[in-house]
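Let me begin by presenting the structure, written as structure tokens, before commenting on it.
The values are calculated or read from the model by the stated rules, or taken from the named source; none is laboratory data. Because the structure is a prediction, the values reported are computed rather than measured. Here the Cβ is made from the backbone with ideal geometry for all residues, glycine too, and neighbour counts use every protein chain on show. We work out accessible area using only protein heavy atoms, side chains counted, and drop any ligands, DNA or RNA first. Shrake-Rupley method; radii C 1.70, N 1.55, O 1.52, S 1.80 Å.
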Amino acid sequence: MSARSGGFNAGPRRQARPFRRRAWPLVVILVGGLLAAVWRAEGSQSTAPPSRAVAFEPGSPGGETAAAPPVAPTEAPRSPTPAPPTTTPLPTPTPDPTPTLEPTPTFTPTPLPPTPTPLPPHVLLEGIRHEYQGWNNCGPVTIGMALNFYGRQETQEVIAPILKPNPDDKNVSPEEMAAYAESLGFEVHVGVAGTLELLKALLAAGYPVIAETWLEPEPDNGMGHYRLLIGYDEQERAFIAHDSLYGPFITLPYDEFDRLWQVFNRTYVVVYPPERREPVETILGFRLDEARLWAHALDVARAEVEAEPDNAFAWFNLGSSLLRTGNAADAAQAFDRARAIGWPWRMLWYQFGPMEAYFAVGRYEDVIALTTANLEQADVLEESYYWRGRARAALGDVEGAHADYRRALELNPNSPLAPEIRGRLATDA
């Protein structure tokens with residue numbers, strides 16, 4: 001058995017007694033020798049100077065071995081390296097305190113948004129009646145085709161007299177089309193700064209989308225034009241549209257479509273019945289908040305101006321977005337830049353941001369100049385009569401302002417501007 005088990009096994013006690021009787025004389029001798037050694041050591045210590053009282057460990061430098069002064073036993077150093085000479089006993093090493101470990105924080109990963117379902121490579125919404133437009137009727141026809149997807153049968157013969165009582169009217173705005181659909185019980189979202197992916201997502205979910213684009217039948221003869229998007233084809237990289245001018249199922253290559261769509265700040269209109277609200281609102285997301293929508297449009301326009309500083313449409317969109325986010329002064333400067341580069345001569349038949357921005361900063365003469373130039377090209381633009389009337393009233397020309405207001409009402413008594421115009425006729429001094 002090993003020593004760690006508690007001691008050696010010495011056998012029975014009766015076998016040890018003879019050893020004790022024989023060993024006592026030897027013990028006496030040893031005790032006497034020990035007393036003599038102690039007496040000699042005490043005598044030698046009394047003659048040594050205190051400064052020489054140095055204790056050496058065995059094998060210390062010099063090879064000397066001396067007895068240390070009587071001290072309490074100490075634990076041997078733990079290092080195998082011999083300790084240096086010292087005048088005091090080595091202290092018992094104190095173990096370093098075990099450090100208290102801080103609990104490791106539990107890592108909780110931030111959940112990632114769900115991966116969007118990949119869009120199908122080809123979508124075509126079927127069962128939508130195509131209709132060719134009459135004179136200046138692309139707006140009434142296109143909203144009619146969109147409503148036909150949900151079973152409505154109204155054609156331009158019914159819709160046009162409501163949206164444009166004057167057959168010569170050059171412009172039906174997205175807001176006017178939306179108001180007509182809402183009057184039939186539908187819900188409508190009119191947005192800006194759309195993307196190709198947004199359009200494809202809406203189409204894939206089963207919603208036709210109206211896009212307001214530019215049309216260039218020949219150089220320097222562009223005009224506004226609505227298209228009803230009814231599908232797309234990823235292999236062809238093109239949208240499929242019912243076009244009131246060119247026919248059904250036409251293809252619009254993505255790049256060319258986006259170039260023409262940019263002219264109108266990528267405006268889109270999606271119509272849907274109330275029972276289909278949830279899917280479309282999920283797709284639209286933040287775009288349902290008008291303030292966030294226009295803030296996004298402003299970011300897009302700034303990026304495009306930086307990328308293409310000579311793009312008049314990018315500057316125009318920047319002006320429109322600044323105006324809608326409450327910065328009329330910078331909007332006016334952006335419109336100035338677009339105007340200096342050169343916008344199409346029909347541009348202000350459909351978009352009125354420059355007049356609104358210039359009016360807001362007190363540039364009434366500029367408003368009159370722009371609207372008068374518009375009306376010299378086409379004297380049936382109620383929006384131009386409205387803004388010229390506002391500028392004339394601001395300059396004190398009340399008679400001229402009232403004449404413009406009355407003409408605007410004659411052209412379109414159903415215009416969204418009509419209630420305000422009637423109020424101004426009653427209050428402008």
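How many residues are open to solvent by less than 50 Å² (accessible area, probe 1.4 Å) and either of a type in the set (A, V, I, L, M) or over 14 Å from V209 (Cα atoms) (or both) when one looks only at the stretch 258-289? Break it down into steps so the answer makes sense when it comes.
Here is the first cut: in the stretch 258-289, the residues open to solvent by less than 50 Å² (accessible area, probe 1.4 Å) are 258, 260-273, 280, 284-285, 287.
Remaining after also requiring either of a type in the set (A, V, I, L, M) or over 14 Å from V209 (Cα atoms) (or both): 258, 260, 262-265, 269-271, 280, 284-285, 287.
Qualifying residue count, the stretch 258-289: 13.
More than 25 Å from the chain's Cα centre (by Cα), open to solvent by 20 Å² or more (accessible area, probe 1.4 Å) and modelled with pLDDT of 95 or more: does that describe A179? Spell out the reasoning first.
Values: more than 25 Å from the chain's Cα centre (by Cα): yes; open to solvent by 20 Å² or more (accessible area, probe 1.4 Å): yes; modelled with pLDDT of 95 or more: yes.
Criteria met by A179.
Tally up the residues in the stretch 330-351 that are closer than 23 Å to Y385 by Cα and assigned to a helix (DSSP H, G or I), please.
Residues flagged as closer than 23 Å to Y385 by Cα and assigned to a helix (DSSP H, G or I) within the stretch 330-351 amount to 9.
Could you check, for the stretch 398-420, whether at least one of its residues is open to solvent by 30 Å² or more (accessible area, probe 1.4 Å), within 20 Å of A331 (Cα to Cα), in a helix (DSSP H, G or I) and not small (G, A, S)?
The answer is no; no qualifying residue exists.
Using the structure shown, decide if A211 is free of Cβ contacts under 8 Å to residues at least 24 places away in the same chain and open to solvent by less than 30 Å² (accessible area, probe 1.4 Å).
Against the criterion (free of Cβ contacts under 8 Å to residues at least 24 places away in the same chain and open to solvent by less than 30 Å² (accessible area, probe 1.4 Å)), A211 does not qualify.
Considering only residues that are among the hydrophobic types (A, V, I, L, M, F, W, C), open to solvent by 30 Å² or more (accessible area, probe 1.4 Å) and over 32 Å from the mean Cα position of the chain (by Cα), which ones fall in the stretch 344-360? Give the derivation first.
Pass one, the stretch 344-360, residues among the hydrophobic types (A, V, I, L, M, F, W, C): 345, 347-349, 352, 355, 357, 359-360.
Still in the list and also open to solvent by 30 Å² or more (accessible area, probe 1.4 Å): 345, 352, 359-360.
Across the stretch 344-360, the qualifying residues are W345, F359.
Taking the stretch 221-268 on its own, how many of its residues are under 24 Å from W349 (Cα atoms) and part of a loop (DSSP other than H, G, I, E, B)?
So the answer is 10.
Quick one: which of E176, E154, E187 is more than 29 Å from Q235 (Cα to Cα), without any contact (Cβ under 8 Å) to a residue 40 or more places away in the chain and of a type outside the set (S, T, Y)?
It is E154.
Looking at the stretch 250-271, which of its residues are over 11 Å from G194 (Cβ atoms) and of a type in the set (A, V, I, L, M)?
I250, L252, L260, V263, V271
From the residues in the stretch 231-249 that are touching a Phe, Trp or Tyr at 6+ places or on another chain (Cβ under 6 Å) and free of Cβ contacts under 8 Å to residues at least 60 places away in the same chain, which one is surrounded by the most Cβ atoms within 10 Å (Cβ to Cβ)?
F239
Could you please find all residues in the stretch 372-397 being open to solvent by less than 20 Å² (accessible area, probe 1.4 Å), closer than 21 Å to P174 by Cα and not charged (D, E, K, R)?
The answer is N374, A378, V380, L381, S384, Y386.
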